[in-house]
Amino acid sequence: MRIPFIAGNWKMYKTVQEAVVFVKELRLLVKDVTDVEIVVAPPFTAVHAAAEAARNTNIGIAAQDVYWEREGAFTGEVSPGMIKEGGAEYVIVGHSERRRLFGETDQIVNHKMTAAIAGSLTPIVCIGETLDERERMETLAVLDRQIRDGLRAFTAAEVANLNNLVLAYEPVWAIGTGRNASADQAEEAHAHIRGRMQEWFGAAVADRCRILYGGSVKPGNIRELIAQPDVDGALVGGASLEVESFAAIVTACRPPAV
C-alpha cells in the first residue's frame, strides 16, 4: 500500500524566521501522524533553518529546485550536494513555473532529476499540460512526452531501484488560479501516468510510485481528490503557507483506521 505524500511548496515566500516558526507550529499539529509522508519546501535561504527545526520529527524538507553540476562557475545555482548538506532530503524538479518562467525543457528536467538521484535526494518530478494543450485534447500526449523525456536514459531496472520516485501531476491551468481539476479529471491523468509507468518500467515500479496532484489544492477539496485510487497525495501551493490549512490537508489524507 502506498503511503500518502503531502508536500508544501512555499515558492518565494517566508523569511528564515517565518519558516522556523511555521515548522515548529506544524510539528505540534502533526506530531501523531505516522501514516502520511509530510514535506515542506522553503526557499533556499531557509532550507537549513527549517531542517534544524524539523530535526527528529516526521516532517521532511525539500528544496524547490536544483542544478545538475556538482560545482563550478554557475552563478546563482545550487548543487545537489549543497542541498543535501543544508538538510533537505527531497527536491522539486520541473515545476510548471520553472518551465514557463525560466524556460526549463524536458531535457533540463532530465538533467536535474538525474543529478538529484545521484546526490541522494528524492526528486518530486512535476508534469502537466497548459490550458491550450488541454483544450486541444493533448493532455495525455503531453504527459507521455514529459514522462518519457524526463526519465530518458533510465533503464527499467534503474527506475525499479528508485524506491522513492515521486511524480506530481499539476495541470498548469490550475496553478495559483483558484481552479482545480475535478476529481475525475485528476484520476484520469493519474491513471494514465501509472499505466505508462507500468508499460515502460514494470508493474512493481508503477505500483510503488507515488503520484501527487497539484493545482489549487485546499482543505475543502483534498478529500475528494485523495479518494481517487491513483491519487496518492498532493503538491500544495498557496494553502501550504498557513500552518492550520496545511495541517488540515495532511490530516484529511490519513488512511482510514482498520
Subset of segment 85-110 (residues that are in contact with a Leu (Cβ under 8 Å, 6 or more places away or on another chain) and assigned to a helix (DSSP H, G or I)): Asn110
Without any contact (Cβ under 8 Å) to a residue 40 or more places away in the chain, closer than 19 Å to Pro229 by Cα and open to solvent by 30 Å² or more (accessible area, probe 1.4 Å): does that describe Glu199? yes
Any residue at all in segment 71-85 that is of a type outside the set (Val, Ile, Thr), open to solvent by 10 Å² or more (accessible area, probe 1.4 Å), modelled with pLDDT of 95 or more and within 16 Å of the chain's Cα centre (by Cα)? no
Is it fair to say Ala174 is at pLDDT below 90, of a type in the set (A, V, I, L, M, F, W, C) and open to solvent by 30 Å² or more (accessible area, probe 1.4 Å)? no
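Residue-wise test of (1) more than 15 Å from the chain's Cα centre (by Cα); (2) over 26 Å from Ala116 (Cα atoms); (3) at pLDDT below 95.
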{"position": "Ala181", "(1), (2), (3)": "yes, yes, yes"}
{"position": "Cys209", "(1), (2), (3)": "no, no, yes"}
{"position": "Tyr213", "(1), (2), (3)": "no, no, no"}
{"position": "Ser216", "(1), (2), (3)": "no, yes, yes"}
Can you work out which of the residues in segment 202-221 that are open to solvent by 30 Å² or more (accessible area, probe 1.4 Å) and among the aliphatic types (A, V, I, L, M) is farthest from Val142 (Cα to Cα)? Ala204
Only one residue in Gly233, Gly238, Gly220 is in contact with a Gly (Cβ under 9 Å, 6 or more places away or on another chain) and either in contact (Cβ under 8 Å) with a residue 40 or more places away in the chain or small (Gly, Ala, Ser) (or both), so which one is that? Gly238
Matching residues in segment 15-43 (out of contact with any Ser or Thr (no Cβ under 9 Å at 6 or more places or on another chain) and either open to solvent by 90 Å² or more (accessible area, probe 1.4 Å) or at positive phi (or both)) number 6
Evaluate segment 187-195: report whether one residue or more is touching a strand residue (DSSP E or B) at 6+ places or on another chain (Cβ under 7 Å), free of Cβ contacts under 8 Å to residues at least 40 places away in the same chain and within 18 Å of Leu143 (Cα to Cα). yes
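The values are calculated or read from the model by the stated rules, or taken from the named source; none is laboratory data. The model shown is predicted, which means the values in this text are computed figures rather than measured ones. Note that each Cβ is placed from the backbone with ideal geometry, even for glycine, and that neighbours are counted across all protein chains shown. Surface accessibility is based on the protein's heavy atoms, side chains included, excluding ligands, DNA and RNA. Shrake-Rupley method; radii C 1.70, N 1.55, O 1.52, S 1.80 Å.
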